[in-house]
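Here, each number is a calculation from the coordinates, and none is a lab measurement. Given the structure is predicted, the values throughout are model-derived calculations rather than measurements. Please note: Cβ atoms are built from the backbone with ideal geometry, for glycine as well, and neighbour counts cover all protein chains shown.
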Amino acid sequence: MADRDKRVNWVGTASLIVLAAAVLAIPLILSNRYLFRVLINIFFFAALGSAWNIIGGYAGQLSLGHAAFVALGAYPTGLLMFHYNVPPWAGVLPAAILAAMVAYLLGKLVLSLRGPYLALATLAFGEIVRILLLHFKDFTGGPLGVTIPFTGTNVWRLQFATEHMNYCICLGLLSLCIFVASRIHNSRMGYYLQAIKENQDAAENLGIPLARTKNLALVISAILTAAMGGFYMIFMTYIDPYAVAGLNLSIEIILVAIIGGVGTVWGPVIGACILVPLMEISNFVLGSGRAGASMLIYAVILIIVVLYSPKGLITLVPKLEGYRSE
């Protein structure tokens, strides 16, 4: 049995190394701009799913307004660049700090709630952020959003004529999210979060500090999510409240984690590899003429996964089952 486990671990590690090498080699062999953007979107949603998974998957605290933290990363980055010519790599830092402060205050207010009450509270938080961005239109641009004009390749402003550098930046951010999730997974905090997910009362009786542990998980999740929001501003060069603080984005982030496997390190990556191509296919086939059709497709996929693989599609990849939190 021990030899079999060692062989499985060796094969799994070798497979991950080969996959990582292939991902790193893509910029050397791929030139199609559209395919690059699809791959970047896969990395983007995989990173967002990994960040949400820290609070929603490991701790079992359902956050329905996580897109607000994307906005808290994207808007400060874009506004500092637009109004004060601050390069985006520097603007992401205050954005992440702002997101951490807001997450800490939010956690103090709502993480004592449980079940549907917590879900509704986080949903309200996301809507409040979106409404505030719409209301303060003199500074945020309101429904028109913020546009950063492209002035040509400029490394200082992280603007590039091709998608190669954006690919590398997003891959680096995804790697950071996976690394943080993996460290939490194998730490005392990870065991605390798993205990909280299983039974909060029992965890508290065992001496686990519920409020502090959940709040720390939310702050870490918010920082990583805000960093991805900053990248979104760099990559898209345009943001508006509906794109970065809307309920649709929050749902897509959650779906990525659930479809791949909540409470796992690699589940969100698997979910993004499934969901993002389906987004592109549905947008191509259905276009904008059938509003809500994409969400209907996602709902059908979610139902199928819940019925036939309730722990996520990661259970279909035996080599990665050892990376579960359970």
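Pick from Ile178, Ile274, Ile304: which is most flexible by mean-square fluctuation in a GNM of the chain where alpha carbon atoms under 10 Å apart are linked? Highest fluctuation of the listed residues: Ile304. Each residue, Cys168 and Asn248, gets one label point 7 Å from its Cα in the Cβ direction; the gap between the two is 3.3 nm.
Only helical runs count toward this figure. For the chain, summing -39,500 (n - 2.57) over DSSP H runs of n ≥ 4 and dividing by all residues gives -24000 deg cm²/dmol at 222 nm. Backbone geometry of region 113-119 corresponds, through the Karplus equation with coefficients 6.51, -1.76 and 1.60 at θ = phi - 60°, to 3J(HN,Hα) couplings of 7, 9, x, x, 5, 5, 4 Hz, x marking Gly and Pro. About its Cα centre, the dipole of region 33-246 is roughly 200 debye, where the only charges are +1 on Lys and Arg Cβ and -1 on Asp and Glu Cβ. Here the gap between Phe150 and Leu278, fully extended at 0.36 nm per residue and compared with their Cα-Cα distance, gives a gain of 43.2 nm.
When you work out D = kT/(6 pi eta Rh) for region 33-246 at 37 °C and 0.692 mPa s, using the Kirkwood radius from C-alpha pairs as Rh and the Stokes-Einstein form, the result is 186 µm²/s. Toward the positive end of the charge dipole of the chain, about the Cα centre and with charges on Cβ (Lys, Arg +1; Asp, Glu -1), which of Phe150, Pro116, His185 goes farthest? Going by the Cα projections, it comes out as His185.
Please work out whether region 212-306 counts as rounded, prolate or oblate from its C-alpha gyration tensor, where a ≥ b ≥ c are the square roots of the eigenvalues and a/c under 1.5 means rounded, while otherwise a/b larger than b/c means prolate and anything else oblate? Judged from the Cα gyration tensor, region 212-306 comes out oblate (a/c at least 1.5, b/c at or above a/b). Under a GNM of the chain (C-alpha, springs under 10 Å), which listed residue has the highest mean-square fluctuation: Asn41, Asn248, Asn85? It is Asn85. Exposed loop sites here mean trypsin sites (Lys or Arg not before Pro) with a DSSP loop assignment and at most 14 other beta-carbon atoms within 10 Å; the chain contains its longest site-free run at 115-289. Here's how it looks for Gln159: its modeled amide H is under 5 Å from those of Asn154, which are all 5 or more places away or on a different chain.
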